[in-house]
Ligand code: DMJ
């Protein structure tokens, strides 16, 4: 028998010569076998070869495909924790409107600029630390959504078995090489980050459906271009302070009306979002209200803390975010008001966060269940973020001092000691991840002052100041790091010689700067104020100008989340903004630095820059009816694209720093008496060195 032609071969292998009626299994098997036997040896070998190829291909692609599946299921799990159904009210949370608002006694006086209870007196009050051994509660009902999660680097989820180093390098290289591409393309591969938590770019660029079709509140922003001209700038301090109070009241109104007791306001859809279910915005706002003298608002919030706030709940919280926002907020409010309610709550929370430190390396896990007393890393890695494990120290140290229970201080000091002597730094610059099993840095060779590393540098200096400038290792690490920044990361743009801080990936420089890095001018200035080299202040002045330009050069007067700087001399623009980076989350860092710069220099231009930013927030992010919203596009004043979210740090940090910037009273939270944690909560500088 002649071997069949190629056409015959295909018909032999693919078609059923007996038609659809001949479909008995046995006969089909026999017919297949007959066909197989009719093939020549060469044809059989070819078929076997193809099958083998298919098998190998299947085996090779299996891990990445399943990893992708795992990534998606992680997203859904995380979504449960981070973005629960916005319509279900957790048990026990009532609208303030239903309650007799203001039942709690109003604060005895207006803003206190000194601790109402002197630290040493408070420290005398020894309280038994309460363990986290609390009953396991059933998980609250959760409604899954189809949107991606907001935490966790998607690239780490998607890349499957790619090595950590290669992956990190790839991320940075992508950014270096990328032209300003289509929005969709950028959206797919970039990670937009916020210190300690990551937001996927797709969430970053597209307005949420509620922002587009919302039948509730109209989007913010002027209706026509003529309205984009900023209103006349009042020069009087009082006007500016009052403008900040107005902004706060407006933000608070939205929160009170639509999100009371929940984590975050969604001002466009007039609803709320839940992250940990701890009333994040309310707690983040407490000390701001006290400082601004908003007594009624404060009293209502205090009442909620007293009657509704419970940490005895089965919920996974992020150690860093909960420490800086909630623990920090409670400690700060205790210092300002002297009200022991806040200290008691802080002690309860602090003890419930402690299980995070039970790891082989003593580097804490990122997540802890404050009801169950269990902790774990994110699902996609056993790494913790460097900034997260080294930016909880101010709060835990203060908690030990107040309770005279050393356990809090001991665990966070241990982290600092480990990081201090760990190999893998480059001239004081630290990698962005650390493994909770080995205690070693991972993703080595990638250095940034932005997301995932930023507040490490901030807390080196601030811990040193908090402890009365006695802890030499902290100072040594800080000074080395500033040298490292100068040597490796500081560059100037070609056109206007703007000084900026870029990133480094395996010796390759990337002229990218997160808005988060704008904390640095303030921190450098604080160091110089505390006796560190004068050239730190010079660098602070230059970087402050750059952060100002990041706002000024945008059509809305608001900075994007990330900018790229132009190193070429012959091109006009200093600042390039990629489509996926054009959003603004109401972040505080530039206003924070303006506050420090004004306090130390008294140069009124810093106030004027701050005033312009406040106008821009009012023009483009203020939502009629109450609240402010993050926006998608700082380059489009006609359609800034509201994202329907008011971050808690807008009230906790941004508005507080505005107020302090415009206040003429240098004793209003003197920088010689207090340090601000990275969420702008106030902690006292200790009267004596730590033991
Ligand atoms: C805040 O939660 C803190 O400032 C943190 O350190 C960084 N991210 C936000 C503000 O941008």
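Are any residues in segment 585-624 assigned to a loop (DSSP other than H, G, I, E, B) and either in contact with a strand residue (DSSP E or B) (Cβ under 9 Å, 6 or more places away or on another chain) or under 17 Å from residue 288 (Cα atoms) (or both), and if so, which ones?
Residues satisfying the conditions are 585, 586, 587, 588, 621, 623.
Which of the following residues is away from the ligand (no atom under 16 Å from the Cβ) and either touching a helix residue (DSSP H, G or I) at 6+ places or on another chain (Cβ under 6 Å) or over 16 Å from residue 427 (Cβ atoms) (or both): 468, 522?
468 is the lone residue from the list that is away from the ligand (no atom under 16 Å from the Cβ) and either touching a helix residue (DSSP H, G or I) at 6+ places or on another chain (Cβ under 6 Å) or over 16 Å from residue 427 (Cβ atoms) (or both).
Go through segment 414-438 and count every residue that is closer than 24 Å to residue 394 by Cβ and more than 23 Å from the chain's Cα centre (by Cα).
Qualifying residue count, segment 414-438: 8.
Residue 526 - would you say it is part of a helix (DSSP H, G or I) and modelled with pLDDT of 95 or more?
The answer is yes for residue 526.
Mind checking which residues of segment 297-350 are in a helix (DSSP H, G or I), in contact with a helix residue (DSSP H, G or I) (Cβ under 8 Å, 6 or more places away or on another chain), more than 25 Å from residue 245 (Cβ to Cβ) and more than 16 Å from the ligand (Cβ to nearest atom)?
340, 343, 345, 346, 347, 349, 350 - these are the residues of segment 297-350 that are in a helix (DSSP H, G or I), in contact with a helix residue (DSSP H, G or I) (Cβ under 8 Å, 6 or more places away or on another chain), more than 25 Å from residue 245 (Cβ to Cβ) and more than 16 Å from the ligand (Cβ to nearest atom).
Using the structure shown, decide if residue 364 is modelled with pLDDT of 95 or more, closer than 26 Å to residue 682 by Cα and either in contact with a strand residue (DSSP E or B) (Cβ under 6 Å, 6 or more places away or on another chain) or in a strand (DSSP E or B) (or both).
It is false that residue 364 is modelled with pLDDT of 95 or more, closer than 26 Å to residue 682 by Cα and either in contact with a strand residue (DSSP E or B) (Cβ under 6 Å, 6 or more places away or on another chain) or in a strand (DSSP E or B) (or both).
Being out of contact with any strand residue (DSSP E or B) (no Cβ under 9 Å at 6 or more places or on another chain) and more than 16 Å from the ligand (Cβ to nearest atom) is the filter; apply it to segment 373-395 and report the residue that is modelled with the highest pLDDT.
373
Looking for whichever is over 23 Å from residue 457 (Cα atoms), at pLDDT 95 or above and surrounded by fewer than 24 Cβ atoms within 10 Å (Cβ to Cβ) here; the options are 636, 672, 644. Which one fits?
When all the criteria are applied, what remains is 636.
Which of the residues belonging to segment 647-664 are more than 13 Å from the ligand (Cβ to nearest atom), under 22 Å from residue 298 (Cα atoms) and either within 24 Å of the chain's Cα centre (by Cα) or in a loop (DSSP other than H, G, I, E, B) (or both)?
If the condition is that a residue be more than 13 Å from the ligand (Cβ to nearest atom), under 22 Å from residue 298 (Cα atoms) and either within 24 Å of the chain's Cα centre (by Cα) or in a loop (DSSP other than H, G, I, E, B) (or both), then 658, 659, 660, 661, 663 are the ones that fit.
The values are calculated or read from the model by the stated rules, or taken from the named source; none is laboratory data. Worth saying up front: this structure is predicted, and the values here are computed from it rather than measured. FYI the Cβ positions are ideal-geometry reconstructions off the backbone, even for glycines, and counts take in every protein chain you see.
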